[in-house]
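Read-outs: derived from the displayed coordinates by stated rules, not from any lab. All values derive from a computational prediction rather than experimental measurement. Note that each Cβ is placed from the backbone with ideal geometry, even for glycine, and that neighbours are counted across all protein chains shown.
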Amino acid sequence: MDRKSQMLTDLSRHRLVPVVVLDAASDAGPLADALVAGGLPVAEVTFRTSAAGECIRVMAARGDMVVGAGTVLTAAQVDEAADAGASYVVSPGLSRAVVERCAERGVVALPGAVTASEVMAALELGVTTVKFFPAETSGGAAAVKALAAPFKDVRFVPTGGIGPKNLHEYLSIPAVHAVGGSWMVPRDLIAAGDFDEVQRLTAEAVALAGKEALV
């Protein structure tokens, strides 16, 4: 299995992608410990702060996590993410420059796509797994189902407005590879250093996702 297939298989197995905003690189290690201890060795570290690159580096260096970069808007950010050890790159929308640089750097591209035209554009670039963002305000689970119907080989990672109350709506859709969310990694808890609570929330999320898998 190649690197791309392995990474997507890992995401599919865990079903959840914690979308993380870190304000300080010193929080990366403790957060990684909390996620792994909570049973979810996955993180999408967003490029919404200047600490993102170093945080990805710290987490990726552990070797026991699937670490990616989120909110990647430019090819230069793809380079920064790849240099830091990210195995995948997530964008809020579809950028040819970002997707092509990901291919050049050997990292998986997960561009945003919420319309049929955007999905077709992604397919033309060789992308078959896309981020459906912002999920709830773009039609929610019903929209994902409708979009999946004509694109049998496309898989979706819905993100945006998803939490414990509506998680089941998305995970019950066969075309959904995994679901992104930040409810288990609240920015305020991380800033306060309450990683025990982050671990508890993560374990709860993992248990909930596991129940959905059995339905």
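About the Cα centre, and with charges only on the beta carbon of Lys, Arg (+1) and Asp, Glu (-1), how big is the dipole of region 1-142? Nearest 20 debye, please.
240
Give me, ordered by chain and number, the residues 5 or more places off Thr129 or on other chains with an amide H under 5 Å from its own placed amide H.
Arg155
Set the bar at 20 Å for Cα to Cα. Now go through Lys4/Lys131; Lys165/Lys211; Lys131/Lys152; Lys4/Lys165 and name every pair that lies beyond it.
Lys4/Lys165
Calculate the FRET efficiency for Thr49 and Thr115 from the Cβ-Cβ distance with a Förster distance of 35 Å, rounded to the nearest 0.05.
Step by step, r from the Cβ atoms, then E = 0.75.
Taking 4 °C and 1.567 mPa s as the conditions, I'd like the Stokes-Einstein D for region 162-215 in µm²/s, using the Kirkwood hydrodynamic radius from alpha carbon pairs.
D = 109 µm²/s.
Along the charge dipole of region 3-209, which of Ala60, His177, Thr74 sits closest to the positive end, that is, farthest toward it, with unit charges on the beta carbon of Lys, Arg, Asp and Glu (+1, +1, -1, -1)?
His177
Hey, fewest Cβ within 10 Å first, where do Asp196, Asp64 land in order?
Asp64, Asp196
Please find the FRET efficiency linking Ala191 to Arg62, where r is the Cβ-Cβ separation and R0 is fixed at 25 Å, and quote it to the nearest 0.05.
0.70
If you wrap a convex hull around the Cα atoms of the chain, how much volume per residue is inside, in Å³?
108
Restricting to DSSP H runs of at least four residues, report the calculated mean residue ellipticity at 222 nm for the chain, -39500 (n - 2.57) per run over all residues, nearest 500 deg cm²/dmol.
Helices in the chain give a 222 nm mean residue ellipticity of -14000 deg cm²/dmol.
Which of Gly38, Phe195, Leu167 sits closest to the plus end of the dipole of region 3-209, meaning its Cα is farthest towards the positive end, when Lys and Arg get +1 and Asp and Glu get -1 on the C-beta?
My answer, from the dipole projection, is Leu167.
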